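What follows is one structure encoded as structure tokens, with my remarks underneath.
The values are calculated or read from the model by the stated rules, or taken from the named source; none is laboratory data. On a predicted model such as this, the values are computed, not experimentally measured, just so you know. Note that each Cβ is placed from the backbone with ideal geometry, even for glycine, and that neighbours are counted across all protein chains shown.
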Amino acid sequence: MKVIGIALSDEYTDISLYREEYTYRFPTLLSRERKGDRFYIGEEAYKKNLDGGVILVDKLLSLFKKKGSATISETCYDAKELLGIFLENLLLEGERRVQGREIPEEEGKDTLVLSVRDADVELMSSLNELVKEKFSGQYAVQLISHTESFSHYILRQDKKLYNRQVGMLEFSSQVLHYYEMQVSKGTKKYAISVSEAQPDALSFGILEDPRGRRMTDQVLSGLCDRLTKSKVYSAFFLSGKGFENTELFPEFMKKIVRGRRVCVESFLFSIGALYYGRLLGKGEEEECLLLCDTRIGADISIKVTKKERDFPLYLAHAGDSWLKETEDIRLLLENQDYIDFQVQDVSATNRGKQYRMSLTSFPKRERRCTKVSLRTSFHGNAVAGIEITDLGFGDLWKGSFQSIKETIPLKGKE
């Protein structure tokens, strides 16, 4: 079983292949020869650019998000194509680096998991499409957020490290991001993970001189006071390129280690993606439900009758990825012009909420003479989209194929 975890960002991209120690970091740079067709990535792309023989493209993820393009030697490439070329070359370079090294032999599907910081619906959907288009012929592919990757990483650690709240600070170029996770104590096991961008922006460039390092240390120390106030952590993690050398920030480190375990893992997101890939390759999931920005937090069901018995038909379960493809369901309406949807927040103790979707605009027919198709989609983890289409009933009652679309909130107020 081949397993690969990738953490993609504008500044750099980490790739973990097979095992944690086979992890490598590349600047997210792509260049192409001016008079040829060969592409280069990472530091090699940068070095070739210094020689003047290539044209360099950076910030590939932002370019992809903006649906932009770049012209290289009179050839215009759209951002999707450029990012696809970068990822293909990343995998080739990663495989080259592990050649000849000991590879664990495990049974299962070859799996690739890609993690990105921003769980924006449009970005995630577009990236999911790109990754499947490029790699689904070779791998089972899955897209997750850094918040979810953080959860997978923590759940592979000793349970003592997450028996209470777990915190993490990511320091990347221009990015300070705080993450938090807590595992429930009851019989219904779930792990809730959240993340939040911090207003302070720090550049790696200022770390090159003593004054810049002191200023960064002060900013991180103030952030530590603000984030950890009145909180009890079983462990606190530091991640990202900025924490490769924690000796640069002595005052911050004094504060963060006071009364708590602190662990440093610069490559946490690609390793977390690798851990999840191992589970997926074996056809498994985490022992507890994950509730985060790439997972829905509620069960969604409708009541159906089969052989005179009523039972709930689940359209989605809490913990499902909202990027998961859903299949159309065919239903025969008994004698009603509506469908009721039950939404139960898995972390709540109440009986959930019910939403009624009216079908009065469909043609009126006799009892059990209207078959409908029900499709569920998700717009992030907060909203479900429902589409119901009138199919009629065979040749006797021709379908109008009229569709009704509505959205159902999955959390918060109606």
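Which residues, counting only those in region 186-208, are touching a residue at least 60 places away in the same chain (Cβ under 8 Å), out of contact with any helix residue (DSSP H, G or I) (no Cβ under 6 Å at 6 or more places or on another chain), surrounded by 13 or more Cβ atoms within 10 Å (Cβ to Cβ) and of a type outside the set (A, V, I, L, M)?
We begin by selecting, within region 186-208, every residue touching a residue at least 60 places away in the same chain (Cβ under 8 Å); these are 188-195.
This time we only want the ones that are out of contact with any helix residue (DSSP H, G or I) (no Cβ under 6 Å at 6 or more places or on another chain), so: 188-190, 192, 194.
From the residues that got through so far, the ones that are surrounded by 13 or more Cβ atoms within 10 Å (Cβ to Cβ) too are 190, 192, 194.
Listed by number, the list holds a single entry, Y190.
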| message | Report every pair of residues separated by at least 6 positions or lying on different chains whose Cβ atoms are under 6 Å apart, first residue within region 75-88 and under 12 Å from F64 (Cα atoms), second of a type in the set (K, R) and surrounded by fewer than 22 Cβ atoms within 10 Å (Cβ to Cβ). | response | G84/K134
| If you scan region 402-414, which residues turn out to be buried (at least 16 other Cβ atoms within 10 Å of the Cβ) and part of a strand (DSSP E or B)? | I404, I408
| task | Would you please list the contacts, defined by Cβ atoms under 6 Å and residues six or more apart or on different chains, that run from a residue in region 36-56 that is over 18 Å from G84 (Cα atoms) to a residue that is of a type in the set (G, A, S)? | result | K48/S31; N49/S31; V54/S31
| Which members of region 384-401 meet the condition of being modelled with pLDDT of 90 or more, exposed (fewer than 14 other Cβ atoms within 10 Å of the Cβ) and not in a strand (DSSP E or B)? | F401
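Take V166 and tell me if it is buried (at least 23 other Cβ atoms within 10 Å of the Cβ), assigned to a strand (DSSP E or B) and not assigned by TED's automatic domain parsing to the domain that holds L83. Working first, answer last.
On the way: buried (at least 23 other Cβ atoms within 10 Å of the Cβ): yes; assigned to a strand (DSSP E or B): yes; not assigned by TED's automatic domain parsing to the domain that holds L83: yes.
Considered against the rule, which asks whether it is buried (at least 23 other Cβ atoms within 10 Å of the Cβ), assigned to a strand (DSSP E or B) and not assigned by TED's automatic domain parsing to the domain that holds L83, V166 comes out as yes.
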| Going through region 294-314 one residue at a time, which ones are of a type outside the set (S, T, N, Q), more than 20 Å from K188 (Cα to Cα) and touching a residue at least 24 places away in the same chain (Cβ under 8 Å)? | I302, K303, V304
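Conditions (1) modelled with pLDDT under 95; (2) over 21 Å from E287 (Cβ atoms), marked per residue:
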residue	(1), (2)
H152	no, no
T187	yes, no
A191	yes, no
L207	yes, yes
A235	no, no
G242	yes, yes
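How many of the residues making up region 353-383 are outside any strand (DSSP E or B) and surrounded by 11 or more Cβ atoms within 10 Å (Cβ to Cβ)? So that I can check it myself, show each step before the final result.
The initial filter retains those residues of region 353-383 that are outside any strand (DSSP E or B), namely 359-370, 379-382.
Now restrict to residues that are surrounded by 11 or more Cβ atoms within 10 Å (Cβ to Cβ): 359, 362-363, 365, 368-370, 379-382.
Number of matching residues: 11.
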| Any strands (runs of 3 or more DSSP E) falling wholly within region 209-308 and containing at least 2 residues that are among the hydroxyl-bearing types (S, T, Y) and buried (at least 18 other Cβ atoms within 10 Å of the Cβ) | 233-239
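Hey, which of the helices (runs of 4 or more DSSP H) in region 54-162, taking only ones fully inside, have at least 3 residues that are outside the structural domain of F26 (by TED's automatic domain parsing), surrounded by fewer than 19 Cβ atoms within 10 Å (Cβ to Cβ) and out of contact with any helix residue (DSSP H, G or I) (no Cβ under 6 Å at 6 or more places or on another chain)? Explain how you work it out, then say what you get.
Details: elements: 60-65, 79-98, 121-135, 146-155.
Qualifying helices (runs of 4 or more DSSP H): none found.
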| field | Hits in region 201-223 (condition: within 23 Å of S149 (Cβ to Cβ) and out of contact with any Ser or Thr (no Cβ under 7 Å at 6 or more places or on another chain)) | value | A201, L220, L223
| field | Residue within region 233-253 that is among the basic types (K, R), outside the structural domain of E105 (by TED's automatic domain parsing) and over 26 Å from P27 (Cβ atoms) present | value | no
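Suppose we filter Q344, Q402 for residues that are closer than 27 Å to E148 by Cα and of a type in the set (S, T, N, Q); which single one remains?
On the way: Q402 fails: closer than 27 Å to E148 by Cα.
Of Q344, Q402, the one residue that is closer than 27 Å to E148 by Cα and of a type in the set (S, T, N, Q) is Q344.
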